[in-house]
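Q: Can you keep this structure in mind? I'll have questions shortly.
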Amino acid sequence: MTLWSRARSISRNLLRKQQVERQLDDEVRVYVDMLTDERIAAGMSPSEARRTAQAESGGIEQVKQAVRDRRVGTGLELLWQDARFGLRQLRRNPGFTIAVVAALALGIGANTAIFSVVNAVLLKPLTYPDADRIVHFYRPFPEGRREEASIPEFRSIQQQTSVFSEVAGYDAAGPGFNLTSERPEQVHGIHVTASYFRLFGAPAILGRTFTAHEDAPNGGKVVILSYGLWQRKFGASPDVIGKALSLGNESYTIVGVMEKQFVPMPEADIWLPFQFESVSNNLGHFFHIVAMLQPGIGLSQANAQMKLAGAGFLHDYPKANPAQGFAVESLRETIVGDSRKSLLILLGAVGFVLLIACANVANLLLARATGRKREFAIRSALGASRIRIVRQLLIESVLLAVAGGMLGLALGFVSMRALLAISPAGLPRIGEDGSAIGMDWRVLGFTLAVSLLTGILFGLFPALSASRSDLNSALKESSSRSGTGFRQGKARSLLVIGEVSLALVLLIGSALLIRTFVALQGVGSGFDSHNILTIEMSLNGERYHEAAGVAQLSRDGRDRLNALPGVELSAAAYWLPIDTGDGLGFQIVGRPVKQGCCGGRWMSISPGYLNLFKIPILRGRDFSESDSASAPGVVLINETLATHLWPKENPVGHQIVIGKDLGPAFEEPAREIVGVVADFHNAGLGHPPLPLMIVPIAQVTDGNTALYSDSQPLLWLVRTRNDPHQYLAAISEQLRTASGGFPVAHIRTMDEVMGRSTARESFNMLLLSIFGASALVLAAIGIYGLMAYSVEQRTQEIGIRMALGADRYVIRRLVVWQGMRLALVGVAVGVAAAFGLTRLIASFLFGVEPWDPVAFVCVPLLLTSVALLAVWLPAARASKVDPLQALRAE
Amino acid sequence: MSSKQASLLQGTLDLLVLKALGAGELHGLGISRRIEQVTLGTFLVKPGSLFPALHRMEAAGWLSSFWGESENNRRAKFYRLTRTGKRQLEVETDQWTRVAHAMTSALRAT
């Protein structure tokens, strides 16, 4: 059969149905007429001839039906008929339809929402050519990993040409740059090696990328613009190449503009050449390394090579940290980080919610199918095959699921946006407030697949059980009393048990996360964060490569700020107390040098910092203005460090040497410990305080000052008497004046910063709580529905029991117990499952164990009480049954 | 007609219809009568199996149809072989001859 003639037949049969039918009718009728003619010609009477002709032909309608059955496209047409019938059925029961579609829309919507985030973060490929071959370098340590690298390490990686075809370096975040035109503005800028643009396959649409010469020391002041900045600042002018861009009052020559599609890694508006001394032996770790794998080289091969290179590096640089190794991972892995696990857990949790919704809908369908038993019996008595009936029911459930899916798609999108607005997720790759989360074929495909799958999942079981009915008895029974068979009762009970146990697992999960969040909120940070503003300022220029320049600026700025009305205190530093990100090693003067001993977090502060955050000094003294560059070196240590290294004595008065062996620019004389500060959470609220050294900003080595000025902005901190926002304009103005025109950026209150530091936890908690609450409601509705239905079915039985002397309490107990038995079994199963599953979220918990007794007692109690409530209503109705009425109703 | 007979007749009926139309265009009753005639009255094809077969073979592109006048002036639907149909007639004739030959010799063997 040719495809063409088949297609033509299908289209004719389906599209010009009336004509086809009329012709068929004519054709068969003429056949009978002609047969009659023959008989008359043979001498039969006309009426006799017609009768026998008709009898012999076997009935016109039957012949037509036989043709129709064989007709191509019949399958499609039947499907269409079934779908239309299904739609009519659903329209006739609006209450049922709305309940089902709403439950599914909730379930599918929640899944779509989570999946759209999973898609944006985990699934969408990076947008670079050969992105799956780009790897990121890190140094594994026994206790964790470090992603920053040093110049000698960069050199060592560059030599691994057997596994890497290209190696590039870039700043972690960059200090920010001050566009000092008529309207000063801070922009994101990062230093990159010349190979950076080659590796990311990013061509310039105007001009060119950096040359090797420009990337060498003294290669000149050149800059490349992002497409966005070129549009915004230069009105997309094509003759921008060669023009000057003023950064921090220094003039840079624009050599190129990047194409629009290039997604900078990390975020950047401008790029500057690194120009580092490639022969430097400076072991400071201040930038990131990415590499392109040679074609055909796998990650494991590369890592085998990295292991050797790491060992070789330690041999060549005995002063490097002996605990470190070399390793690479795919760049996407680095970006995604540990959000993969939390997202997958959320996806699993939301899948549970959908399963519960499915169970509810299946229960509703089962009840409805029972009511329609007679309809199916009649249909099969009229010759409908079992497959036809199952198909009819499946089509109805798929229709429901698709309607729920479409509604869920919209719902999911709106709710995810709302959620991200309430709680920033702290997730990578989602853009500013989740702007990168969008609709694409993956999300649409996922929702479609989920809808169809749920339609079949909740529809197949009721469909099969409904079609299994015994024709004879179904027809004989009166329609209303065609009751719940034992098998169906069992199926519905199992569904309810399943629902309850899934809900319990979700609720325990959310209870654990809530307790984690509360525990985090209850952690005393160790410092005060009220009425404090944090303001960023990028320090561009040679002047800020020396400690004296930064110290001078800090002094001037603070003098101006402190003179403002409403300002209590001000300070300058590079780190906030909640996250002191840098670490350095040190040696104790007078103690033997021990390999691997002594290191800790390190930060530099201006005087006033500790007072501003109300961090108490336990021993000794705070810094003052007299701890200047020319004064003897001083250092403060925190309590953790003090008790760790001087468990029995007073550390004040001892001397340490910080940052030995990092290189000549980092050499500094011994510092005297002048005080011990109380511990505060310097590595996030969820971590215990780490050992910490604090030095005056005026006494930092020039090497470190230059490194900081080139890699992160200076932070101004201002404590005001009341709400700090009202002083914003005056503060910004004073800082601009003090710095000679530098703009300020990223102004936030310290309270906001604290909120963001637990953004991930609050996001997870909020989501899981919403899921848990939905699960609870759905499970309660499930139990209620089952019991209400069962009471309705058993009205007569209850009437008889009452007539025989059972009182209302007995009846109520009967119903309550029937429902609660299911709920309790579900709770037991759920508790067992939760014991196994909560281990998965152990790493997200803080201050609470995965088997937390409070959660494991309270949640089952809560669920049981809600179940009791859901059972109580039908039980109360059962106990109010009037036996006379119930019996007479038959 | 039981399903067993139908399946037995399936291939045969197609071939008989093709053969009947081999000589020229015919309407439904004409095909019936021609088959009855050429099989010496062995096969009486009823409309219940004739029409589904005709429609199926038309959809397959073996037959084409048109409305015309019958011998006693009734408007009837006529069928004729298409080029594909003629080829199909040859193929099926060949096949049938081979099968018939094989069956005959198989049944003759002792």
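Q: Show me the ranking of peptides A:420-426, A:553-559, A:640-646 by mean Cβ neighbours inside 10 Å, starting with the highest.
A: So the order, starting with the most tightly packed, is A:553-559, A:640-646, A:420-426.
Q: Considering Cα pairs under 8 angstrom that are at least six residues apart, work out the relative contact order of chain A and quote it in whole percent.
A: Value for chain A: 15 percent.
Q: Using Cα centres only, tell me the gap between region A:322-355 and region A:75-147 in whole Å.
A: Comparing the Cα centres of region A:322-355 and region A:75-147, I get a distance of 18 Å.
Q: Now a separate question. In region A:179-219, which GluC sites (Glu not before Pro) are in a loop and have at most 11 other Cβ atoms within 10 Å, using DSSP for the loop call?
A: A:182
Q: Wrap a convex hull around the Cα atoms of chain B, take a quarter of its surface area, and give that in square nanometres.
A: The orientation-averaged projected area of the Cα hull of chain B comes to 7.9 nm².
Q: Okay, next question. Run through region B:48-94 and list the GluC sites (Glu not before Pro) located in a DSSP loop whose Cβ has at most 11 other Cβ atoms within 10 Å.
A: B:71
Q: Oh, and also: Quick check: net charge around residue A:139, other residues with Cβ under 13 Å of its Cβ, Lys/Arg +1 and Asp/Glu -1?
A: -2
Q: Right, next: Once the other residues with Cβ under 11 Å from the Cβ of residue A:62 are scored (Lys, Arg +1; Asp, Glu -1), what is the net sum?
A: +1
Q: Now for a separate question. Calculate log10 I(q)/I(0) of region A:74-133 for q = 0.13, 0.19, 0.22, 0.28 Å⁻¹, where I(q) comes from the Debye formula with a single equal point scatterer on each Cα and nothing for solvent.
A: -0.65, -0.81, -0.89, -1.02
Q: So what are the ³J(HN,Hα) numbers for region A:42-48, from phi and the Karplus equation (6.51, -1.76, 1.60; θ = phi - 60°), rounded to whole Hz, Gly and Pro as x?
A: After applying 6.51 cos²θ - 1.76 cosθ + 1.60, I find 7, x, 7, 6, x, 5, 4 Hz.
Q: Full extension from residue A:316 to residue A:643: what is 0.36 nm times the residue separation minus their Cα-Cα distance, to one decimal in nm?
A: Stretched out fully, the residue A:316 to residue A:643 stretch lengthens by 114.2 nm.
Q: Under a straight-distance cross-link criterion of Cα-Cα below 13 Å, which aspartates and glutamates are reachable from residue A:648, leaving out those fewer than 8 residues away in the same chain?
A: Within reach: A:639.
Q: Compute the distance from the alpha-carbon center of region A:43-66 to that of region A:516-564, in whole Å.
A: 102
Q: Next question. List the relative contact order of region A:1-64 as a percent without decimals, with contacts defined as Cα pairs under 8 Å and 6+ residues apart.
A: 30
Q: Also: Seen from all sides and averaged, what is the projected area of the convex hull of the Cα atoms in region A:725-861, in nm²?
A: 14.9
Q: Mind ordering A:655-661, A:685-691 by average Cβ neighbours within 10 Å, highest first?
A: Most protected by this proxy first, the peptides run A:655-661, A:685-691.
Q: Taking 7 Å along the Cα-to-C-beta vector as the label spot, tell me the residue B:95-residue A:7 distance in nanometres, rounded to one decimal.
A: Going from the residue B:95 label point to the residue A:7 one covers 2.5 nm.
Q: Among A:195-204, A:123-132, what's the highest-first ranking by average C-beta atoms within 10 angstrom per residue?
A: The packing order, highest mean first, is A:195-204, A:123-132.
Q: Averaged over peptide B:75-83, how many Cβ atoms belonging to another chain are found within 10 Å of each residue's Cβ?
A: 2
Q: Which net charge results when you count Lys and Arg as +1 and Asp and Glu as -1 among the other residues whose beta-carbon is under 11 Å from that of residue A:244?
A: For residues surrounding residue A:244, the net value is +1.
Q: Under a straight-distance cross-link criterion of Cα-Cα below 27 Å, which lysines are reachable from residue A:221, leaving out those fewer than 8 residues away in the same chain?
A: Filter leaves A:233, A:243, A:260.
Q: Can you pull the one-decimal nm distance between simple spin-label points at residue B:86 and residue A:231, each 7 Å off the Cα toward Cβ?
A: In this crude label model, residue B:86 to residue A:231 measures out at 6.7 nm.
Q: List the pairs from A:594/A:660; A:64/B:77; B:19/B:46; A:319/A:594; A:17/B:19 whose alpha-carbon separation is above 23 Å, in the order I gave them.
A: From the list (A:594/A:660; A:64/B:77; B:19/B:46; A:319/A:594; A:17/B:19), the Cα-Cα distance tops 23 Å for A:17/B:19.
Q: Determine the distance separating the Cα centre of region A:698-751 from the Cα centre of region A:189-247; give it in Å without decimals.
A: Cα centroid of region A:698-751 versus Cα centroid of region A:189-247: 28 Å apart.
Q: What average count of beta carbons from other chains do you get within 10 Å of the Cβ of residues in B:32-38?
A: The per-residue average across the peptide is 1.
Q: Looking only at Cβ-Cβ distances, which cysteines of chain A have no other cysteine closer than 4.7 Å?
A: A:358, A:858
Q: Can you tell me the FRET efficiency between residue A:88 and residue A:18 if r is taken as the Cβ-Cβ distance and R0 is 25 Å, rounded to the nearest 0.05?
A: It comes out at approximately 0.70.
Q: If you don't mind, there's one more thing I want to ask. Over the whole of B:45-57, what's the average partner chain Cβ count within 10 Å per residue? Rounded to a whole number, please.
A: 6
Q: What residues qualify as long-range amide H neighbours of residue B:67, i.e. H under 5 Å apart, gap of 5 or more or another chain, H built at 1.01 Å from N?
A: B:78
Just so you know, all these numbers are worked out from the coordinates, no wet-lab data involved. This one's a predicted model, so the numbers in the text were calculated from it and none came from an experiment. We place every Cβ from the backbone using ideal geometry, glycine too, and count neighbours over all the protein chains shown.
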